[in-house]
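Values in this text are rule-based calculations from the coordinates and carry no lab data. For clarity, every value in this text was computed on a predicted model and none was experimentally measured. Using ideal geometry, Cβ is built from the backbone for each residue, glycine included, and neighbour counts are taken over all protein chains shown.
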Amino acid sequence: MIQLGILLTNKYRLLSVAAILDVFESVNRFYTENEEEPAFNISLISTNTSDGNALEFKGYPIQAPASATKQDLVFIPAFNTMDIIPAIQENYSFIPWLQQQHQQGAELACVCTGAFLLGATGLLNGKTATTHVDACEAFANAFPQVKLQADKVVTGDTGLYTSGGSTSSFHLMLHLLQKHCGKDIAVRTAKLFSIDMDRGQQTYFSTFSPVQAHNDELVAMAQQSIESAYHNAGTIEELIKEIPGSRRNIARRFKQVTGITPIEYLQKTRIEAAKRLLIKTNQQMTEVMINSGYSDPKAFRKIFRKTVGMTPTGYREKFYMS
């Protein structure tokens, strides 16, 4: 029987814990219905076991890390806050336990922003990882030694597993189920929870949220110029030509403040506009292209697919708000 530990971190997101429990309880039920021993022995692990809190959760006893047995697989849930650094500090006592468990052979898997706690262990340094698309910049800044793959739904590297936004946790669990229980169980679970097993990336769920809270007036002027005139099919030079200063100086300061170049900022702004038009209007594809600042259909489709992970037509079919 596989020992499965689920952390109840401080500020854990209830939905992610519930999803993990639901999936693995369902798998255990598959086995018992077939008169077999359950595949997983599930434990809940928390550092809050002596402060008056309930010592069980959904019928499971809660164990302190020090008293928890050796685990084969440990799940770290997502955080219910985007203020991640204080959340990591509140959960620092888990870090040596996670390091020890992995050293003893346990696989560590994290859901969404739970990757920040795994990153804080140092175990991901030099390894691949992903997290929620809108938290990738913060993750990259916090853990520059991790090989972040922001477009990936799931990553796995030497027994360390990460997943993207919350629903990507199902794809992570399917991956681990196929590894530990076989393809038949993974497929049966996917059917039970109506999971699209072929989803390979999460970029089409991302939202461009540019940095606005800064004190660089020149950069702010460039941002405003791009955001107000992105729909004009001009070059970046034309859009920022009224900004005082040399092109080199503007580009250097722009990237320092926003993390991307003015050209990348323009492309992301245009693609975000195209996404809105695709899902909120009935405009023809040519209109969407022109109104988001593009004049070449081939270039528009190429840039959209590279940025979003699917074609403009595919994006509309998947997310159109009728």
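Simple rule: put +1 on each Lys or Arg Cβ and -1 on each Asp or Glu Cβ in the range 2-205, find the dipole, and look at Phe143, Val187, Leu174; the Cα lying farthest toward the positive end is Phe143. On the basis of the beta-carbon distance and an R0 of 45 Å, Met82 and Thr32 show a calculated FRET efficiency of 0.70. In the list (i) 20.0; (ii) 20.9; (iii) 21.9, the label attached to Kirkwood radius over Cα pairs in Å as derived from the coordinates here is (iii). Here the Karplus curve 6.51 cos²θ - 1.76 cosθ + 1.60, taken at θ = phi - 60°, turns the phi angles of the range 240-251 into couplings of 10, 5, 8, 6, x, x, 6, 4, 5, 5, 4, 4 Hz, with x standing for Gly and Pro. Taking the DSSP bridge list for the range 2-205 and keeping only pairs wholly inside it, about 30 percent are antiparallel. Protection proxy ranking, highest mean first, for peptides 135-141, 61-67: 135-141, 61-67, where packing is the per-residue count of other beta-carbon atoms within 10 Å, averaged. Counted by Cβ distance under 13 Å from Leu117, the other residues give a net charge of +1, where Lys and Arg count +1 and Asp and Glu count -1.
Students often get this wrong, so check it: of Lys70/Lys183; Lys241/Lys275; Lys268/Lys302; Lys70/Lys127; Lys268/Lys306; Lys127/Lys152, which have C-alpha atoms separated by over 18 Å? Each step should come with its number before you reach the end.
Values: Lys70/Lys183 26 Å; Lys241/Lys275 27 Å; Lys268/Lys302 13 Å; Lys70/Lys127 24 Å; Lys268/Lys306 11 Å; Lys127/Lys152 14 Å.
Violating the 18 Å Cα-Cα cut-off are Lys70/Lys183; Lys241/Lys275; Lys70/Lys127.
Farthest toward the positive end of the dipole of the chain, out of Ile260, Ala78, Gln101, is the Cα of Ile260, where the dipole comes from beta carbon charges about the Cα centre.
Helix-derived [θ] at 222 nm for the chain: sum -39500 (n - 2.57) over DSSP H runs of at least 4, divide by residue count, nearest 500?
On the way: 14 runs with 149 residues, N = 322.
Helices in the chain give a 222 nm mean residue ellipticity of -14000 deg cm²/dmol.
Might you report the magnitude of the Cβ-based charge dipole of the chain about its Cα centre, with Lys and Arg at +1 and Asp and Glu at -1, to the nearest 20 debye? Walk me through the numbers on the way to the answer.
Numbers: 31 positive and 30 negative charges, 229 e Å.
For the chain, the charge dipole is close to 1100 debye.
Rank by packing, highest mean first: peptides 252-258, 236-242, with packing defined as the count of other Cβ atoms within 10 Å averaged across residues.
252-258, 236-242
In percent, rounded to a whole number, the relative contact order of the range 217-319 is 28, using alpha-carbon pairs under 8 Å and six or more apart.
Scalar couplings 3J(HN,Hα) for the range 314-320, obtained by applying the Karplus form with A = 6.51, B = -1.76, C = 1.60 to θ = phi - 60°, are x, 5, 5, 4, 7, 10, 4 Hz; x denotes Gly and Pro. In this structure the amide hydrogen of Gln3, modeled in the peptide plane, comes within under 5 Å of the amide hydrogens of Asn41, Asp72, Leu73, none closer than 5 places in sequence on its chain. Here the relative contact order of the range 57-120, from alpha carbon pairs under 8 Å that lie six or more residues apart, stands at 48 percent. I need the shape label for the range 67-209. Rule: rounded when a/c is under 1.5, else prolate if a/b > b/c, else oblate, with a, b, c from the alpha carbon gyration tensor. Judged from the Cα gyration tensor, the range 67-209 comes out oblate (a/c at least 1.5, b/c at or above a/b). Sequence-distant contacts, meaning Cα pairs under 8 Å at least 6 residues apart, place the relative contact order of the chain at 12 percent. Measuring between their Cα centroids, the range 221-263 and the range 70-102 lie 40 Å from each other.
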